[in-house]
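Where a number appears in this text, it was derived from the coordinates with a stated rule and is not lab data. This one's a predicted model, so the numbers in the text were calculated from it and none came from an experiment. Here the Cβ positions follow ideal geometry from the backbone for every residue, glycine too, while neighbour counts run over all protein chains shown.
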Amino acid sequence: MAETSNRTSPWLIAWRVIFTFALIGCIVFIFSNSMQVAAVSEGASGRVLDFMQKVLRKLGMPGAANHLTMHIIRKLAHFSEYLLEGFLFMLCLRVYTKHVIKHVSWPILGGLLTALTDETIQLFVPGRSSQVTDVWIDFSGVMTGLIVGLILLGLIRMCILLYKHRNED
């Protein structure tokens, strides 16, 4: 009688390690930004603002460059960090289970807890404050990242199925 093995593929283990460490790294990056005192944080945002304004001017959009503000850059930074977190949460979820929709509440909760923790950290940093609107921006970034990840995984699955069944007609 042949014995079937339920061993986990070394590739799957590698992807689990890679995506888990990437997710942890993203969260550490988010929290480290929140721990920066106001002057350091504003300096970093100012450099990004200058860079983005230069890019917009080179692209022939001086009006857009003039309307780009520090406030917009900081809110986009919040959204972008959490978009990446949501995307990485979806990739992690997928390498741990095939039933991503059934278990999607875990990354949603994880993203919300990260956003709440992030804003709580800022309460204790000199010159920083906590804002409910930032929690909403962060959470919308997580949800967008999860949706982008889900769509990308669906497209990859569809391409694999089409490739497998390309010569069946």
Legend entry - C-alpha long axis of helix 70-96 to longest principal axis of the chain, angle in °: 10
Legend entry - Top positive-direction residue, dipole computed over the chain with Cβ charges, set Thr8, Thr20, Leu49: Thr8
Legend entry - Label-point gap, in nm, between Leu116 and Val48 - each point 7 angstrom along Cα→Cβ: 2.5
Legend entry - Most mobile of Trp11, Trp106, Trp136 in a GNM of the chain (Cα contacts under 10 Å): Trp11
Inset, instruction - Sort Asp50, Asp118, Asp138 so that the residue with the fewest other Cβ atoms within 10 Å of its own Cβ comes first and the one with the most comes last. - result: Asp50, Asp118, Asp138
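Placing +1 at every Lys and Arg Cβ and -1 at every Asp and Glu Cβ, with all other atoms neutral, what dipole size does the chain have around its Cα centre, in debye to the nearest 20?
Values: 15 positive and 11 negative charges, 81 e Å.
For this selection, approximately 380 debye.
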Inset, instruction - Extending each Cα 7 Å along its Cβ direction at Val40 and Ala14, get the distance between those two points in nm, one decimal. - result: 3.6
Inset, instruction - Could you work out how far helix 132-164 tilts from the main Cα principal axis of the chain, as a 0 to 90 degree angle to the nearest 10? - result: 30
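For the chain, what ratio Rg/Rh do Cα atoms give with a Kirkwood hydrodynamic radius? Intermediate results must be reported in sequence, preceding the final value.
Details: Rg = 20.4 Å, Rh = 18.5 Å.
Using Cα coordinates only, the ratio equals 1.11.
Can you put Ile101, Ile151 in order of Cβ neighbours within 10 angstrom, beginning with the fewest? Each step should come with its number before you reach the end.
On the way: Ile101 8, Ile151 11.
Ascending number of Cβ neighbours within 10 Å: Ile101, Ile151.
For the chain, what is the mean residue ellipticity at 222 nm derived from helices alone (per DSSP H run of n ≥ 4: -39500 (n - 2.57); sum divided by total residues; nearest 500 deg cm²/dmol)? Display every interim value, and only then the final one.
Working: 7 runs with 135 residues, N = 169.
Computed ellipticity for the chain at 222 nm equals -27500 deg cm²/dmol.
Could you please rank Glu85, Glu42, placing first whichever residue has the fewest other Cβ atoms within 10 Å of its Cβ? Walk me through the numbers on the way to the answer.
Working: Glu85 26, Glu42 15.
Ranking Glu85, Glu42 by Cβ neighbours within 10 Å, fewest first, gives Glu42, Glu85.
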Inset, instruction - For the chain, set up a Gaussian network in which alpha carbons nearer than 10 Å are linked by springs, and say which option among Met52, Met158, Met143 fluctuates the most. - result: Met158
Inset, instruction - For the chain, set up a Gaussian network in which alpha carbons nearer than 10 Å are linked by springs, and say which option among Leu93, Leu155, Leu146 fluctuates the most. - result: Leu155
